[in-house]
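What follows is a set of notes on a single structure, which appears directly below.
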Amino acid sequence: MRVPGVFLLLALTLTAVAAVESHGGPNRRSAKLRKAVEAVQPAVVKVFGLKGFRGIFGYRTGVIVHESGLVLTRGSVTLDEADGRIACHLHDGRRLMARIVREDRRSKMVLLKLAGKADKPYPTAPLGVSKDLLPGHFVLLIGNAYKTARGREKTAVNFGIVSAITRVRLRSGMMRFPYARPVILHDAMNNPGVYGGPLVNLDGKVIGISGNLVESRDTNAQLHYAIPIDDLKEFIRDTVKHPDAPIVYAPVEVAPVDKRPPGVHGIRVLRGGITRATPAYVDRVLPGSPGFEAGVRSDDLILKIDETSVKSWKSFRRIMERYRAGETVRLTLKRGDGIEIVHVTLVEEKAQ
Amino acid sequence: MIAASLLSASLLSWGLWLVPPPPEEEMDELEALQIVLRYAVDRVSDSVVTITTRGGIRKVEIPDALKRRMTTPNAPERPREGDPSAPRKREDKGGDDEESQKPEQKRYKNEWEKMLAYPGFKKAEGPTTGIVLSKDGYILTSSWNFESKPNVVLVTLNRGGRQETHVGTLLGVDRAAGLALLKISATDLAVPEFIDPDEVRVGSWACALGRAIARERPEIKYGVISAKDRIDGKALQTDAATSPTNYGGPLIDKRGRIYGIIVPLGARGQEASVNWYDSGIGFAVPVPDPDELIERLGKEGTVLEPAFLGLQMNEDRTEPGALVTKAIEDMPAAKAGVKDGDVILEIDGKQVLNSFTLRFAVGRRRAGDEVKLVVLRGEERIELTVTLGKRPKRQNVGKIPIPMPDGRRKPGRDGNRPPGG
């Protein structure tokens, strides 16, 4: 029964390989690639924060998303502190001043408005649907080549592939970058000038806006990401609809304080030293406590709390603090050479 | 019946694909390639596993500038609060490359904590990627994640979209190639197909796969095979982006076969810090024979070191053969009887064209291996058997103190002056 399925897959692969090989190798330029550049590049602008911030000048890339001259780009201190002195170089060679009209605090994206009245509509980039994007799709990243493209020089085109579309725990410099939705990870060459540049699919549609260089908080690996365009469409639509709205689009929501009493689990983990990498080994479990009832034992290693990975004894204590009395947590434990899963229902602390 | 209909359906689809479409709607080369890559990734997807570790020493790479500040007693103090010259405290704006250059603004309890928080200098750590080597639970990965000596190794398998975690045992480590072999007690694993290194052509398409961040599907980085026989003939070079997210993962071709295992083999050895990867220079070590690898690394605690012959060569020689200018005393080759002025003609039956052939042949072997050399001494052909040794540790290099004008002593390059001393 499985054979035809495998055969189908094999047949498809072989034919696709044949298609690739018969149409020439990498030497043959893809018409789609060329058309995609032609569709988007006229709407890509080079953004410069002219005042700079502590001697660092702002290099960014933006993309015109509305014919009235709205430019979407990645926000930055160099743009915020530019005192309105932001210059945009359009693809046709025009140089226009711009100001920030709206900022999205969640994605750190901003919308600029080109100054002055244009006699004809600005060229806009066609926006695609990022939810159709899959890992393995080829993309183009069009942007300002950092400290290379000056004045009327055109933007540069970088080629890459979508590596993954996933939620990542990110860090940007010293700060956390708490973007809760999935981002597009790609391998197109990124540089500080390209931040804010459009990620374009083979159909010549913008499917994401490139962010800055970030690190994964789990692996310390540097990653290139883009915010999916679907997440930014409402931001653009709202700004077009309400030109006089306050500059902050989505203020960062402060989580309400949970007034429920903290939960007690009775699991004590071994304390570690300065390297802070001591894993969460169970030292002892208080008799009669929820942890005891659930079957947690000394020398178990706690690997996961629900879906959160527990890397150290400190992170175990920190993560458990988030849970309240009455909640049930699923602990993944290593016991000997096996993996055990237990459910611990936290209780309220008994008054002494 | 169903099978027959499926068969015909597949034939139909194949047929449709083979009929050349009209030129206007010709399938774009890149779109076709996208489909090819998707199937290639699907073919190996179940063999690509996630490896997480717990415990071990957290490594931090301290930049020299910061080290100096820490050890200099008169380092400028942090401005006090209310000091008008103090840098303004900024709101959290997400941070940029520019912002990360000003880390001193944040307050830390002590210098240790500051170092640990310093961005860009944290050494990469797990989770990382591995690849199934055999049906009965041998897993191959990059050894960089075990440099910190973790207490616990966990391997997360993906079987048709379902994840299951197993406790792994670290068996052997090949320090020459940067590989580590793990064993888990699981059966019926999906074993991938490995490509014979001789079949690899420079310029072929190559995808680097990792499973450290996205768990559902491997992450894909795309490039070509840039060169063969790199790092003493041990590794393939690729321009597909390699980073801690795919170290230990496979570099695959467009049919889903594995060129090699991605490892950090840079100029600076096996250290994987965040500073120098992502440069377009990545390495993958081919696995010509998985069974042989399991045999060599299968015993717990095995450590294979790079092989060393102990010969200095004349690299200007144009005739075939490698001319020995000096056989270093007490080193493997000299012990086996190689003398200055000998010309090495063959190694293990393979002709030695020049000193590089010899170097690559030795680079592919490990310390402790035996090689048979055919040596030309005068007019005489001599057969010698050399047991390859370890590269000796360089001694007294850079540790000679350099006298300073004011009487202090400046340590040499590798000086191990204690902090503050």
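Seen against the Cα atoms of chain A and their longest principal axis, helix A:2-22 is set at about 30 degrees. Spacing of the modelled spin labels on A:L134 and B:E216, each 7 Å from Cα toward Cβ, amounts to 1.2 nm.
Which trypsin sites (Lys or Arg not before Pro) in segment B:166-222 pass both tests, a DSSP loop state and at most 16 other beta-carbon atoms within 10 Å? Spell out each step's value before the answer.
Details: sites: B:R175, B:K183, B:R201, B:R211, B:R215, B:K221; in loops: B:R175, B:R201, B:R211, B:R215.
Passing both the DSSP loop test and the Cβ count: B:R201, B:R215.
When the pairs A:K154/A:K241; B:K350/B:K372; A:K51/A:K113; B:K234/B:K299; A:K35/A:K120; A:K304/A:K334 are compared against a 20 Å limit on Cα-Cα distance, A:K154/A:K241; B:K234/B:K299; A:K35/A:K120 fall above it.
Relative to the longest principal axis of the Cα atoms of chain A, the long axis of helix A:230-241 makes an angle of roughly 60 degrees. What is segment B:307-390 by shape, rounded, prolate or oblate, if you read a ≥ b ≥ c off the alpha carbon gyration tensor as root eigenvalues and call it rounded for a/c under 1.5, prolate for a/b larger than b/c, and oblate otherwise? Since a/c stays below 1.5, the shape of segment B:307-390 is classed as rounded. Ordered by the number of other Cβ atoms lying within 10 Å of each residue's own Cβ, fewest first, B:T52, B:T165, B:T238 fall into the sequence B:T165, B:T52, B:T238. Projecting label points 7 angstrom from Cα along Cα→Cβ for B:E383 and B:K350 puts them 1.9 nm apart.
Count Lys and Arg as plus one, Asp and Glu as minus one, and take only other residues whose Cβ is under 13 Å from that of B:T187; the net charge is then 0. With the cut-off at under 14 Å, measuring from each backbone N in segment A:170-208 to a point 7 Å along the Cα-to-Cβ line of A:E234 picks out A:180-182.
No value in this document is a laboratory result; all are computed from the given coordinates. Keep in mind it's a predicted model, so treat the numbers as computed, not measured. Cβ coordinates were reconstructed from backbone atoms using ideal geometry, including for glycine residues, and neighbour counts include every protein chain displayed.
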